[in-house]
Ligand SMILES: [Zn+2]
């Protein structure tokens, strides 16, 4: 997927995730307060998610594209960093959604286990990044991601806590 696709994906994801995290459909009442909280959450999410979504393609300039910064060890660094240093929260969401979009939405896969293995993994759903359907595919992938995230948030554990709390409540579930 090209940069435009990744930015579109990240912005839509930040908007949708902002709604998922602030609007509980079971008890939501539209007030000035709730509108403010929603805008605040979307603001908090959008910049780190967009930055994270742009980060992996830095490997077009150095290293090997779709390998050096397109793998699970890099994602793990972005997951652990906020726990250790207390900043860069939410950037991992952008990195993760970049991987999903490259695997699901484009023809070429990514080397998930690089540098252990150079093998690129892909799903047969992708279109060429130059395809006129690329934006539509990006939107469909984003909606599917939001569905999964909403399911996790409402039924498994709250995503709107520090990742340490999320990890703790996840271990409590399993
Ligand atoms: Zn990429």
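The values are calculated or read from the model by the stated rules, or taken from the named source; none is laboratory data. Please read all numbers here as calculations on a predicted model, not as lab measurements. Because the Cβ atoms are built from the backbone with ideal geometry, glycine has one as well, and the counts that use them run over all protein chains shown.
Just a few scattered comments:
- Filtered residue count, the stretch 71-124, keeping only those that are in contact with a helix residue (DSSP H, G or I) (Cβ under 8 Å, 6 or more places away or on another chain), assigned to a loop (DSSP other than H, G, I, E, B), at pLDDT below 95 and within 16 Å of the ligand (Cβ to nearest atom): 4
- Among the conditions (1) buried (at least 18 other Cβ atoms within 10 Å of the Cβ); (2) near the ligand (Cβ under 10 Å from one of its atoms); (3) assigned to a helix (DSSP H, G or I), residue 54 misses just one, which is (1).
- The lone criterion from (1) modelled with pLDDT of 95 or more; (2) farther than 22 Å from residue 151 by Cα; (3) within 16 Å of the ligand (Cβ to nearest atom); (4) within 16 Å of the chain's Cα centre (by Cα) left unmet by residue 4 is number (1).
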